[in-house]
Amino acid sequence: MQPSSFLTGEFRHTLDDRGRVAIPVRFRERLAPGATISRWLDGCLGIFPQDVWNDLATKLQALPVTSTRGREFGRFMSSGAVEVELDRQGRVLIPSYLREYAGIGEGEVVVVGALSRLELWAPSAWEPYRSRIEDEPEALAEHLADLGI
């Protein structure tokens, strides 16, 4: 992935009455060829550019079928995944079962750039998550050291 294609930033948008959310303008070109929205970790939704989704799906498919956790994660991701396209106003439709999973109701949605994907968060879930990270920088630094960063 080219560095210029990294998805970064935090934005707040409103979910309309049809369950659509506008994708920030700066990300629309990256998602224009197609995207997949799915359940994601930490109780949010992930919007994956098509090439990123294809890479992830290939990795999921390669997990050993004898691994219970591998099968569970593959089902978790694939059963909640749906291909989406941006409409003329740059919005995507979020199916109701995904909105329910992420606790996204009417009103505001937090759109978070997470390098290779976008994440959609309910503000009530995002605020404590972000605060925990910001309030514990030492713990975060230790985790990063464990990851080799």
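Read-outs throughout are calculated quantities, based only on the coordinates presented, and are distinct from any laboratory measurement. Nothing here was measured: the structure is a model prediction, and the numbers come from that model. Methodologically, a virtual Cβ is constructed for each residue, glycine included, from the backbone with ideal geometry; neighbour enumeration extends over all protein chains shown.
Structure data summary
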quantity	calculated
Charge dipole magnitude, Cβ of K and R +1, D and E -1 - the chain, Cα centre, debye nearest 20	600 debye
Gaussian network model of the chain, Cα within-10 Å springs - most flexible of V65, V110, V92	V65
Value at 222 nm in deg cm²/dmol, rounded to 500, when DSSP H runs of n ≥ 4 in the chain each add -39,500 (n - 2.57)	-12000 deg cm²/dmol
Whole-angstrom gap from region 26-75 to region 82-110, using each part's C-alpha centre	16 Å
Debye-sum result for the chain in log10 I(q)/I(0), which assumes one identical scatterer on each alpha carbon, at q = 0.12, 0.18 Å⁻¹	-0.54, -1.16
